[in-house]
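Asks: The structure under discussion is supplied below as structure tokens; questions concerning it will follow.
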Amino acid sequence: VPMHLPWIDAILQLKRERGAVIMAHSYQSPEIFHGVADVTGDSLALAQAAKDCGADLIVLCGVHFMAETAKIISPDTRVLIPDLRAGCSLADSIAAADVRALRARHPGVPVVSYVNTTAEVKAESDACCTSANAVQVVEAMGSDRVIFLPDRYLGAYVASQTAVELMLWDGCCEVHETFTAAQARHARERFDVRLVAHPECPPEVLAEADFVGSTSAMGAWLAREKPERVALITECSMADNLRLRFPDTEFIQPCNLCPHMKRITLPNIHACLRDLSGEVMVPAGIAARARRALERMLAVGR
Ligand code: 13P
Ligand code: SF4
């Protein structure tokens, strides 16, 4: 694992001077995840940490919706993202007007949106969820039917785990949609591995998996099962980050990189801490409505 120690030292020093908390998603490269972050995990863990951290300054190493979520949950905290252009194909797949149109077509049906959405979409939603608690959030709505958006693959997976009828949107993760069942079978046959997949993968890929879960749930599964060999059907850095935690497990590693996650680098984390640049702002009215949806997600927990 490459660790650029001069950058890491400089960031750690600036972080102390600024009293900042650095949060890093599981898909950040290991020099960020293991080198400089105070808090790491899946998108639910980062949202929970934003609620509890009490810091004046958060540097969110992840994509824009994660930083926006932290800002909405913790409005008095300054939240910076090292590259404001770090987006997400799921967040880009639906706009607030689409949610209003869905509501008009299906009056009274609650809307659950994946946290991989903009603040404007969250503001139109009854509750948010992540892949760690999507089934629980859908069931907490107390309705036979729920509009679930925007990831059609996560939606199909959730639908397979609950009696609630889900109405789906047509969004996709550009990283996970490219995995195929043939690749999964090939990995199993050739390398004799257990298969762990993120629920943003297509259903035929999930059907091949020994375990399906969020990025933090993957770590918990490895701690429980201690497999000799595993293939993680998800973003490439996940294996780099878990390899350091599980030295006795051999990782077969797909090379699917999320280009948005990879916009975050040690140099731009340093620049962001130095210049206090990349501040995430959410208009107060939208933030207040989006916060209600996020608070419902946090109340359900993991
Ligand atoms: P997790 O909530 O599992 O960390 O997933 C976030 C994400 O962006 C997956 O592509
Ligand atoms: Fe979005 Fe997919 Fe990247 Fe996650 S991996 S941030 S869902 S594009």
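No lab work stands behind these numbers, since they all come straight from the coordinates. Note that the structure is a prediction, hence the values are computed from the model and not measured. Note that each Cβ is placed from the backbone with ideal geometry, even for glycine, and that neighbours are counted across all protein chains shown.
Asks: Looking only at segment 164-186, which residues are surrounded by fewer than 21 Cβ atoms within 10 Å (Cβ to Cβ) and in a helix (DSSP H, G or I)?
Replies: Glu177, Thr178, Ala181, Ala182, Gln183, Arg185, His186
Asks: Still on this structure, I have one more. Against the conditions (1) in contact with a strand residue (DSSP E or B) (Cβ under 9 Å, 6 or more places away or on another chain); (2) closer than 17 Å to Arg245 by Cβ, where does Ile22 fall short? Just the number, please.
Replies: Only one criterion is unmet by Ile22, namely (2).
Asks: Mind telling me which of the residues Lys71, Lys51 ends up being surrounded by 19 or more Cβ atoms within 10 Å (Cβ to Cβ), of a type outside the set (Phe, Trp, Tyr) and more than 14 Å from ligand 2 (Cβ to nearest atom)? Steps first, please.
Replies: Numbers: Lys51 fails: surrounded by 19 or more Cβ atoms within 10 Å (Cβ to Cβ).
Criteria check complete, one pass: Lys71.
Asks: Looking at Val21 and the list (1) away from ligand 2 (no atom under 15 Å from the Cβ); (2) farther than 20 Å from Gly278 by Cβ; (3) touching an Asp or Glu at 6+ places or on another chain (Cβ under 8 Å), which single condition is not satisfied?
Replies: (2)
Asks: Across segment 103-123, what is the total count of residues that are out of contact with any Asp or Glu (no Cβ under 9 Å at 6 or more places or on another chain) and in contact (Cβ under 8 Å) with a residue 60 or more places away in the chain?
Replies: So the answer is 4.
Asks: I'd like the full set of residues that are over 22 Å from the mean Cα position of the chain (by Cα) and either within 16 Å of ligand 1 (Cβ to nearest atom) or without any contact (Cβ under 8 Å) to a residue 60 or more places away in the chain (or both), limited to segment 225-275.
Replies: Passing the criteria: Glu225, Lys226, Pro227, Glu228, Arg229, Pro247, Asp248, Thr249, Glu250, Asp275.
Asks: Can you pull out every residue in segment 65-95 that is of a type in the set (Lys, Arg) and assigned to a helix (DSSP H, G or I)?
Replies: Initial filter on segment 65-95 (of a type in the set (Lys, Arg)): 71, 78, 85.
Passing the criteria: only Lys71.
Asks: Considering each residue of segment 205-224, count those that are away from ligand 2 (no atom under 16 Å from the Cβ) and either within 15 Å of the chain's Cα centre (by Cα) or more than 21 Å from Tyr114 (Cα to Cα) (or both), and give that number. Before the answer, list the steps.
Replies: So in segment 205-224, the residues away from ligand 2 (no atom under 16 Å from the Cβ) come out as 207-211, 219-224.
After this cut, where a residue has to be either within 15 Å of the chain's Cα centre (by Cα) or more than 21 Å from Tyr114 (Cα to Cα) (or both) as well, the list is 207-210, 219-224.
Residues that pass the stated criteria total 10.
Asks: Say we look at segment 242-264 and pick out the residues that are within 21 Å of His64 (Cα to Cα) and part of a helix (DSSP H, G or I); which of these is nearest to ligand 2 (Cβ to nearest atom)? First the steps, then the outcome.
Replies: Looking only at segment 242-264, we keep the residues that are within 21 Å of His64 (Cα to Cα), and these are 256-264.
Within this subset, residues satisfying the condition of being part of a helix (DSSP H, G or I) are 261-263.
On the way: Met261: 6, Lys262: 9, Arg263: 10 Å.
Looking at residues that are within 21 Å of His64 (Cα to Cα) and part of a helix (DSSP H, G or I), I get Met261.
Asks: Restricting to segment 107-161, what's the tally of residues that are outside any loop (DSSP other than H, G, I, E, B) and either under 24 Å from Val280 (Cβ atoms) or within 16 Å of ligand 1 (Cβ to nearest atom) (or both)?
Replies: First pass over segment 107-161, keeping only residues outside any loop (DSSP other than H, G, I, E, B): 111-114, 119-123, 127-129, 134-140, 145-149, 151-161.
Imposing the further condition that a residue be either under 24 Å from Val280 (Cβ atoms) or within 16 Å of ligand 1 (Cβ to nearest atom) (or both) reduces the set to 111-114, 119-123, 127-129, 134-138, 148-149, 151-158, 161.
Qualifying residue count for the region: 28.
Asks: Mind checking which residues of segment 140-181 are among the acidic types (Asp, Glu) and under 20 Å from the mean Cα position of the chain (by Cα)?
Replies: Going residue by residue through segment 140-181, those that are among the acidic types (Asp, Glu) are 144, 151, 165, 170, 174, 177.
Scanning segment 140-181 gives Asp151, Asp170, Glu174, Glu177.
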